[in-house]
Each structure stands twice: as C-alpha cells, then as structure tokens.
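Q: What follows is a structure written as structure tokens; I'll ask about it next.
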Amino acid sequence: MEKNSKIYIAGHNGMVGSAITRKLRENGFENLLLKNSKELDLRSQQAVADFFETEKPDYVFLAAAKVGGIIANNTYRADFLYENLLMECNIIHSAYVAGVKKLMFLGSSCIYPKMAPQPLKEEYLLTGPLEYTNEPYAIAKIAGIKLCETYRDQYGCNFISVMPTNLYGIGDNYHPTNSHVLPAMIRKFHEAKINGDKTVTIWGTGTPQREFLYADDLAEACLFLMEQYNEKELINVGTGDDLSIAELATLVKKVLGYEGDLVFDTTKPDGTPRKLMDVSKLHSLGWQHHTTLADGILSAYNDFTDKHTANHER
C-alpha cells in the first residue's frame, strides 16, 4: 500500500476496525474511507454498490460483522447468519466490480470443527461438525472465506482471509449477556469490586481452553499481512498460547484487584472444549504478537472504566 492509497475500513467503529484505523494512521496512512452504519448500511446491496462505484477504494479491510458471545450467538441465530452473509457478500462483490487492488476478510476461529485436533491448522476447515451454539456465525464466516477464494479463482482478485483467535481490547463490548468471555469477566469483576461482593460467578465449568489476542496486535498483523501475504489459503492470527477459563478468571481477578472468590455456574454452556490456533504459518512470515495477556487486560480495563465512568456522569 502507498501512503496515499485510498483505504476503506468496513466496521471502523468496532473494536477490530478501530484498532486497524489507529494502526494505519500511526503508520502514515491518512486517505481512509470511514462510514458508520447510519451513513452506509452494509446490508443494503444497492447502498454498498453505490459507495464502491463512487469512492473506488484501492484497499479494503472487511472488519464489519454482527458479533457476540455464546448466548447472543445461540439466541439470535438467524440474525447472525443473515446479516453477516449480507455484509460480506455485498462488500466482496462490490470490491470485485470496483477493481479493488486487495481485500482482507477477517473471520474467526469458530470456523473450525468443534472437535478438530489442537492446535487448529488452516487445513482443518470443513473437516467436521461445528460447535452448535455459534454455528450460524461460523457458517457466515466460512462463506466469506469461500467468497474470497472463488473470486480469486474466477476473476483473479487478490482477496485474502485472516482468521483471528479470540480478541479483546480497546472499544470492546461489555454487555452483561451479549459480550465475549473476557470483556464479560472484566465487567463482572469490576462491579463485584465496586459493590463489595464476596463472590463472582463464572459461566460453565472453567475447564475450556481459550487463546486471547489483543486487538491492537491483530491490527498490526493485518497491516503486515496486507503488505506481505497474497495467497488463496486462509491464515491464522493468534498467540499460539492458551489457558483455561478458570485460569483466565484468576488472572482478571488479580489484574483488577478483586479479593473475593470464584463460583462456577455449570448450568451455563462451555462451548468448544479448546480453540488454540496453529500460528506457525504466520510466524514463518516473520510476525509475532507482543502484548502480554496481563498487560492487555489492564489496558482493556482502563478503557472500560474510562467509558463506564463517562456514561455514569452523563
């Protein structure tokens, strides 16, 4: 990418999109196309087609998605499938029509089979059944990967797919029931600390293993791959390390300074037993993460408390 290239970040207000936007600006890219959902409804085929015809971006980061945790995924199953399919279909096709030089589609580690061998290699895609609770979202993301592959096959488009592991960081969603596990924990422990609660309840058994990547590290990887990676096959982005939900809860408890006890609600679903990404392909290209989980949690917590305080002062 040239410094004056016109770059469209779809989903720039989200945690991932905003991190990519920050990283682009840090690296001297200022010709950025940023449209919020009120200005551009990505679910509208005509609106997206008109936008690409008018603006003609050189590069596209497709970070827009309807996202949520286990409960949200399992409750709004039709919404997660339908809306994500609409957004990615509209953007990927319009990028082809407009002659975009390169597009990056951001997926999710949930694309891999529930019982796939660990760590998850890129070639494990479509080798077994998915985790039921987030199957609609996973199917939408798999469709996005295949759109990128088939537009490359048929039209020669340089469209690549990047699969991040579980993400957290600045601008995350801290909704009590619709958020992912780490931001949900940050909110729970914060409120328990403020209220003087003696226990914090964690969903599930605490045994599932999860890997977490700081969103700004992902953004750095995305810029690196946009410059360096031009292959048809998807590529994983993660840390290559994981820990149990119980260990994560203990770490969040320590970082936030909460002194109560943990209680595990085994009536709540665990989800996939383990999701550790094989990042050997990414490492072989020369990129590795640099933010430790403890440092990232502290940064995310500071961001949460800043916004939480601001909201309560209004």
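Q: Quick one: work out Rg over Rh on the C-alpha atoms of the stretch 178-295, Rh as Kirkwood radius.
A: Ratio value, two decimals: 1.05.
Q: Here's a follow-up. In this model, which of K38/K281; K232/K307; K193/K268; K188/K275; K56/K232 are farther than 28 Å apart at the alpha-carbon?
A: K38/K281; K232/K307, as the Cα separations exceed 28 Å there.
Q: Another question about this same structure. Under 5 Å between amide H atoms, partner at least 5 residues away or on a different chain: which partners does Q209 have, H built in plane at 1.01 Å?
A: Correct list: R274, K275.
Q: Rounded to the nearest 20 Debye, what is the dipole magnitude of the stretch 84-143 about its Cα centre when Lys and Arg each give +1 and Asp and Glu each give -1 at the C-beta?
A: The dipole of the stretch 84-143 has a size of about 200 debye.
Q: So how do I111, I7 line up by other beta-carbon neighbours within 10 Å, fewest first?
A: Least to most surrounded, the residues fall as I7, I111.
Q: Mind listing the long-range amide H neighbours of F264? Cut-off is under 5 Å, sequence gap 5 or more, other chains count too, H placed in the peptide plane at 1.01 Å from N.
A: Amide H neighbours of F264, under 5 Å, 5+ apart: I202.
Q: While we're here: With semi-axes √(5λ) of the Cα gyration tensor in Å as the read-out, I listed (1) 32, 22, 19; (2) 68, 20, 13; (3) 47, 23, 17; which label goes with the value calculated from this structure?
A: So the calculated entry is the one marked (1).
Q: For Cα pairs less than 8 Å apart in space and 6+ apart in sequence, what is the mean separation divided by the residue count of the stretch 150-230, i.e. the relative contact order in percent?
A: Reported relative contact order: 37 percent.
Q: Next up: Ranked highest first by average number of other Cβ atoms within 10 Å, how do 33-39, 140-146 line up?
A: Highest to lowest by the protection proxy: 140-146, 33-39.
Q: Alpha carbon centre of the stretch 1-40 versus the stretch 183-246: separation in Å?
A: Centre-to-centre distance over Cα atoms comes out at 23 Å.
Q: Using the Kirkwood formula on the Cα atoms of the stretch 94-188, what hydrodynamic radius do you get, in angstrom to one decimal?
A: Computed over Cα pairs of the stretch 94-188, the Kirkwood hydrodynamic radius comes out at 15.2 Å.
Q: Also: Expressed in nm², what is the orientationally averaged projection area of the convex hull enclosing the Cα positions of the stretch 52-117?
A: Across all orientations, the stretch 52-117 yields a mean hull projection of 5.6 nm².
Q: To continue, here is another question. At 222 nm, what value in deg cm²/dmol follows for the chain if DSSP H runs of at least 4 each add -39500 (n - 2.57) and the sum is divided by all its residues, to the nearest 500?
A: After summing the helix terms and dividing by the residues of the chain, the value is -14500 deg cm²/dmol.
Q: Which of the aspartates and glutamates could a cross-linker span from K23 if the Cα-Cα distance has to be under 18 Å and same-chain partners fewer than 8 positions apart are dropped?
A: Straight-distance partners of K23: E2, D58, D172, D216, D217, E220, E227, D303.
Q: In addition: For the chain, take the longest principal axis of its alpha carbons; what is the angle in degrees between that and the long axis of helix 181-195, to the nearest 10 within 0 to 90?
A: Computed tilt is about 40 degrees.
Q: Taking the 0 to 90 degree range and rounding to the nearest ten, how far is the long axis of helix 15-26 tilted relative to the main principal axis of the chain, both from C-alpha atoms?
A: Helix 15-26 sits roughly 60 degrees off the main axis of the chain.
Q: Just want to confirm a number: the relative contact order over the chain, from Cα pairs under 8 angstrom separated by 6+ residues, in percent.
A: Reported as a whole number, the value is 19 percent.
Q: Where the only charges are on Cβ atoms (+1 Lys, Arg; -1 Asp, Glu), what is the dipole of the stretch 241-314 about its Cα centre, to the nearest 20 debye?
A: 200 debye
Q: Another question about this same structure. Mind sorting C157, C148 by how few other Cβ atoms lie within 10 Å of their own Cβ, fewest first?
A: C157, C148
Q: Let me ask another. Kindly work out what percent of the DSSP beta bridges joining two residues of the chain are antiparallel, to the nearest 5.
A: Percent antiparallel among DSSP bridges in the chain is about 5.
Where a number appears in this text, it was derived from the coordinates with a stated rule and is not lab data. No experiment lies behind these values; they were computed from the predicted model shown. Virtual Cβ from ideal backbone geometry, glycine too; neighbours counted across all protein chains shown.
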